[in-house]
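Chemist: Got a structure for you, written out below as structure tokens; questions coming shortly.
The values are calculated or read from the model by the stated rules, or taken from the named source; none is laboratory data. Not measured: the values here are computed from a predicted model. Cβ placement follows ideal geometry from the backbone for every residue including glycine, while neighbour counts extend to all protein chains displayed.
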């Protein structure tokens, strides 16, 4: 990922936090002579060394993924930034946060591991519900999915949040984004671009 120095984020704990917070990501692998991508919820292992997900057994991405170097793309808030919001001359741009993870994929079908992944995903995304769904499903349903574990070899972080703009532009951008309902991007700029 092209990442100019002022947009680069390399602090591993921050990147892991971002991946956990924005766990719905894109899994990209090679399928024959072209890339294949699927959008999936991911778990980050407790030690931060692996990603876990599962695919439907019929998903063609499974045909060649085992042992492949893959890319997982995590995306956070993003928004159009208008030059109307600058105090000095500039051009339109798009601000965003993204983390790219490279690693080696290994598939698994062990019932205990699949159960663990499904249960952890359910617990994570049911956590805020007034009466969360408790994982309860026939074991035969596990045979319809295949687990994927990705051993992380590299993490790249890019938070393009107008860090290259003068400080006086940041407050104006934050106000404009809030007015347009882009509160997540406004908060990100506030956190990462203002002193």
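Chemist: Within region 89-109, is there a residue that is touching a helix residue (DSSP H, G or I) at 6+ places or on another chain (Cβ under 7 Å), surrounded by 13 or more Cβ atoms within 10 Å (Cβ to Cβ) and part of a helix (DSSP H, G or I)?
Modeler: Looking for residues that are touching a helix residue (DSSP H, G or I) at 6+ places or on another chain (Cβ under 7 Å), surrounded by 13 or more Cβ atoms within 10 Å (Cβ to Cβ) and part of a helix (DSSP H, G or I), one finds none in region 89-109, hence no.
Chemist: Please enumerate the residues belonging to region 59-77 that are exposed (fewer than 14 other Cβ atoms within 10 Å of the Cβ) and in contact (Cβ under 8 Å) with a residue 60 or more places away in the chain.
Modeler: Across region 59-77, the qualifying residue is only 69.
Chemist: List the residue pairs whose Cβ atoms are under 6 Å apart, where the first residue sits in region 175-195 and is outside any helix (DSSP H, G or I), the second is at pLDDT below 95, and the two are 6 or more positions apart or on different chains.
Modeler: 194/170
Chemist: Which count do you get for residues in region 112-165 that are at pLDDT 90 or above, more than 21 Å from residue 17 (Cα to Cα) and exposed (fewer than 12 other Cβ atoms within 10 Å of the Cβ)?
Modeler: The qualifying residues number 2.
Chemist: To continue, here is another question. So which residues in region 78-88 are in contact with a strand residue (DSSP E or B) (Cβ under 8 Å, 6 or more places away or on another chain) and surrounded by fewer than 18 Cβ atoms within 10 Å (Cβ to Cβ), if there are any at all?
Modeler: 78, 80
Chemist: Further question on the same structure: Looking at region 33-52, is at least one residue surrounded by fewer than 18 Cβ atoms within 10 Å (Cβ to Cβ), touching a helix residue (DSSP H, G or I) at 6+ places or on another chain (Cβ under 9 Å) and modelled with pLDDT under 95?
Modeler: Within region 33-52, none of the residues are surrounded by fewer than 18 Cβ atoms within 10 Å (Cβ to Cβ), touching a helix residue (DSSP H, G or I) at 6+ places or on another chain (Cβ under 9 Å) and modelled with pLDDT under 95.
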